[in-house]
Amino acid sequence: MRLKDGGDIFVSYSGRIGKDIDGTFKQTYCVFRDIGKEHEYRKQLIHAKELAEDASRAKTVFLANISHEIRTPLNGISGMFSLLNTTTLNVEQAQYVNSAASWCPGSQRSSAICWT
């Protein structure tokens, strides 16, 4: 709604037509309510929602990237354990390799902890 001074405000309104007993038009009843604050709150809420969605997307991208950056070298280490296990090792070395390899992808202990 435009004010006399040229400024604008957001309003909600309701109205009805008043009629005489015989149904002829008598007058109009209108109520205007300033909803400028509600409109501003709605704009702020939309802005906050957009910021939260942007942050969520950034988090998703970050986690995907960091997950890849962690998995790639760990899979290389896993491969090296497999290769090392094919060499001649003394008992102590074999225990160390088997212990380390048990936490690698494909082992039975790795389901919840390793980098699969």
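The values are calculated or read from the model by the stated rules, or taken from the named source; none is laboratory data. This is a predicted model, so every value here is computed, not measured. We place every Cβ from the backbone using ideal geometry, glycine too, and count neighbours over all the protein chains shown.
Could you pull out the residue among ASP34, ASP54 that is of a type in the set (Asp, Glu) and either at pLDDT below 90 or over 30 Å from ARG2 (Cβ atoms) (or both)? Working first, answer last.
On the way: ASP34 fails: either at pLDDT below 90 or over 30 Å from ARG2 (Cβ atoms) (or both).
One residue alone meets the criteria, ASP54.
How many residues does the range 31-45 contain that are more than 34 Å from the chain's Cα centre (by Cα) and either exposed (fewer than 10 other Cβ atoms within 10 Å of the Cβ) or among the basic types (Lys, Arg) (or both)?
1
Can you name the residue in the range 1-21 that is exposed (fewer than 10 other Cβ atoms within 10 Å of the Cβ), of a type in the set (D, E, K, R) and more than 15 Å from GLU40 (Cβ to Cβ) and, of all such residues, is farthest from the chain's Cα centre (by Cα)?
ASP20
Here's the yes/no breakdown for (1) assigned to a helix (DSSP H, G or I); (2) more than 30 Å from SER102 (Cα to Cα):
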position: GLY15; (1), (2): no, yes
position: ARG33; (1), (2): no, yes
position: ILE46; (1), (2): yes, yes
position: ASN75; (1), (2): yes, no
position: LEU89; (1), (2): no, no
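I'm trying to understand the selection: among the residues of the range 84-111, which are exposed (fewer than 10 other Cβ atoms within 10 Å of the Cβ) and either farther than 19 Å from ARG71 by Cα or modelled with pLDDT of 80 or more (or both)?
THR86, THR87, THR88, ASN90, VAL91, GLU92
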